[in-house]
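Inspection log for the structure reproduced underneath, given as structure tokens.
All of the numbers you see were taken from the coordinates with simple rules; none came from a lab. Predicted, not measured: the structure shown is a model, and the values here were computed from it. Please note: Cβ atoms are built from the backbone with ideal geometry, for glycine as well, and neighbour counts cover all protein chains shown.
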Amino acid sequence: MSPDVVPLSADELLDALDDLAELLIDTVLGGASIGFLAPLDPATAAAWWRERIPAVRAGRLSIRVARDGGRITGTVGVVFADKPNARHRADIVKLMVHRDARGKGLGRALLSAGERAAAESGVTLLLLDTETGSPAETLYHSAGWTAIGVVPGHAADPAGTLRPTTFFYKELPAASANGTEERREAPGRQ
């Protein structure tokens, strides 16, 4: 059975700060390069999540979570572009799975939920990046994402060591008014 992945409103995000902070800390302690150095304290982790609330409220960020017995065990974010020439694209960010919930398909379920959220918002191009050689890179390859390239020394891992980053994209089918897929046209074409 596939895990239930649901969106969080801004108010629900505020209510879930402690769980989300614990998940972020666990992910960093597990060695994931997601923008933070170890050790990460609970106040800093909770503040980072709290800073996301205005973007969720404004519709620029969609956060999906998975729960097990009420506890958040994973999350994924979709950041929507705010420039007029980029509204067809979004970024998948901060896909995290608690270490004790790994190996059960939760990462794939979260990634799929993020892709669906983007598609339902009219997005036809998704982008993401991850540490080269990480388990996340394997997931993205297996989920049909296309690697664009690798940038050496792009980001530090939680221990502060610079690591290469692989950048990916995935095209999503455009939905027509009747809910079916339609062929994409380049901008400006008739």
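With unit charges on the beta carbons (Lys and Arg positive, Asp and Glu negative) and the dipole taken about the Cα centre of segment 5-182, which residue among 103, 155, 122 sits farthest to the positive side?
122
On average, how much area does the Cα convex hull of the chain cover when viewed from any direction, in nm²? Display every interim value, and only then the final one.
Values: hull surface 47.9 nm².
Computed as one quarter of the Cα hull surface, the answer is 12.0 nm².
Treating only the Cβ atoms of Lys and Arg (+1) and Asp and Glu (-1) as charged, compute the dipole magnitude of segment 5-182 about its Cα centre; round to the nearest 20 debye.
Working: 18 positive and 22 negative charges, 41 e Å.
So the magnitude is around 200 debye.
Between residue 125 and residue 58, what is the FRET efficiency for a Förster distance of 22 Å, r being their Cβ-Cβ separation, to the nearest 0.05? Let's see the in-between values first.
Values: r = 21 Å, r/R0 = 0.96.
With R0 = 22 Å, the Cβ-Cβ based efficiency is 0.55.
Could you compute the net charge surrounding residue 109? Neighbours are other residues with a C-beta less than 14 Å from the C-beta of residue 109; K and R count +1, D and E count -1.
Values: positive: 64, 67, 102, 104, 108, 116; negative: 4, 68, 115.
Local charge sum for residue 109: +3.
Considering the zone a paramagnetic label at residue 143 would reach in this model (a point 7 Å from Cα along the Cα-to-Cβ line), which residues of segment 65-100 have amide N under 15 Å from it?
Only 65-66, 74-79, 90-98 fall inside the zone, counting backbone N under 15 Å.
What residue among 92, 38, 145 has its Cα farthest toward the positive end of the dipole of the chain, where the charges are +1 on Lys, Arg and -1 on Asp, Glu, each on the Cβ?
Of the candidates, 145 comes out farthest on the positive side.
When you take every Cα atom in segment 79-128, what is the radius of gyration, and what is Dmax, the widest Cα pair distance, in Å?
Here Rg and the maximum Cα pair distance are 12.6, 41 Å.
Helix-derived [θ] at 222 nm for the chain: sum -39500 (n - 2.57) over DSSP H runs of at least 4, divide by residue count, nearest 500?
On the way: 6 runs with 57 residues, N = 190.
Rounded to the nearest 500, it is -8500 deg cm²/dmol.
Give me the dipole magnitude in Debye, nearest 20, for segment 69-167 about the Cα centre, with unit charges on the beta carbon: positive for Lys and Arg, negative for Asp and Glu. Please report the intermediate quantities before stating the final value.
Details: 11 positive and 9 negative charges, 48 e Å.
So the dipole magnitude of segment 69-167 works out to roughly 220 debye.
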